[in-house]
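**Student:** Take a look at the following structure, please.
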Amino acid sequence: MANSSTGAEQTQAQAQAQHRKLTRMKFARRIFFMIIGTILVSIGLEIFLVPNHIIDGGIVGISIILSHLSGFPIGIFLVLLNLPFVLLGYKQIGKTFAISTTFSVVLMSIGTTLLHPVQAITIDPLLAAVFGGIILGVGVGLVIRSGGSLDGTEIVAILFSKKMPFSVGEIVMFFNFFILGSAGFVFGWDRAMYSLIAYFIAFKMIDITIEGLDQSKSVWIISDEYEKIGDSITNRLGRGVTYLKGEGAFTGDDKKVIFSVITRLEEAKLKSIVDDLDPKAFLAIGNIHDVKGGRFKKKDIH
């Protein structure tokens, strides 16, 4: 019994050590991508946008305007303006989020300060808006995927959305409408229009970075040929399926509902499979931001 107990304790200790090691690896991975993300944001700002008087939305945009008007480095305003919102985030969202956001904002402030003396790569405002928006969006997306944030307006939007009949996205857009519009009075209306281009590109790149190019999609299929369709999805796409029990609201008949998760690139082939086996089948496809656990990993196609 003593030997058995000792062995069990050793196994438990090894499992705990492995768990701690995995946690450290995840933590190190998050820190790494936060650093990469903030470096990209700093490059997008100081090498492309700021020298060409093009701003982004949110606190970053306000910081660029204040830096231009006062002559102080943009990094100072990034920290000072984000600090109150980080405190709000600590109380309303959580300690980890607040720490991650503080870490990211401080790194971004240091990065923009170090890169400020570096000469801009291009003085063409359109090129600056396009490439600055791309680099900025990828950087922000990496930070968000790592659990942090670089803009306090998102925190305000989350808090306001709980008390107002508007979504977080609508509130952020409302804030940015005035911020980007103010660029017209400070830098000229042509720069405000370039800023809008940069903001739109950065917004789309954030989505791509967070969701990935190989975006996942949920699939719901209702068909009397559910077994054939399920087998074909497994054998021809290599994706697992789950059969759910359903009931028709009008007829009261029992129905089998096929649920599966595929990638964007597999959507056309899935539609072809369903159409070949049951042209009258009900098919619904929706976007998924993230997939974890289960058996989403692609199987071998037979």
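The values are calculated or read from the model by the stated rules, or taken from the named source; none is laboratory data. Predicted, not measured: the structure shown is a model, and the values here were computed from it. With ideal geometry, Cβ positions are generated from the backbone for all residues, glycine too; neighbour counts draw on all protein chains shown. Protein only, heavy atoms only, side chains kept; ligands, DNA and RNA dropped before computing areas. Shrake-Rupley method; radii C 1.70, N 1.55, O 1.52, S 1.80 Å.
**Student:** How many nm is it between the label spots at L127 and L265, if each spot is 7 Å from the Cα in line with the beta carbon?
**Tutor:** My value for the distance between the label points is 3.2 nm.
**Student:** Okay, moving on. Excluding ligands and nucleic acids, what accessible area in Å² is computed for L69 using a 1.4 Å probe, to the nearest 10?
**Tutor:** Surface open to solvent at L69 totals about 120 Å².
**Student:** Please work out how much length the chain gains when fully extended from L283 to S70, using 0.36 nm per residue of separation minus the C-alpha to C-alpha distance, in nm with one decimal.
**Tutor:** 70.9 nm
**Student:** Over 30 Å between C-alpha atoms is what I'm after, so list which of K204/K256; K163/K217; K204/K271 land there.
**Tutor:** Distance filter (> 30 Å) returns K204/K256; K163/K217.
**Student:** Still on this structure, I have one more. Considering the convex hull of the alpha carbon atoms of the range 21-132, report its projected area averaged over all viewing directions, in nm², one decimal.
**Tutor:** The orientation-averaged projected area of the Cα hull of the range 21-132 comes to 7.7 nm².
**Student:** Once the whole set of protein chains is in place, how much accessible area is left on V140, using a 1.4 Å probe, in Å² to the nearest 10?
**Tutor:** 20
**Student:** So for the pair T234, A120, with labels modelled 7 Å out along Cα→Cβ, what separation do we get in nm?
**Tutor:** Simple spin-label model gives 5.9 nm for this pair.
**Student:** Could you check the simple spin-label distance between D254 and K26, using points 7 Å along Cα→Cβ, in nm with one decimal?
**Tutor:** 4.0
**Student:** Oh, and also: Sort the following peptides by mean Cβ neighbour count (other Cβ atoms within 10 Å, averaged over residues), highest first: 77-87, 121-131, 180-190.
**Tutor:** 77-87, 121-131, 180-190
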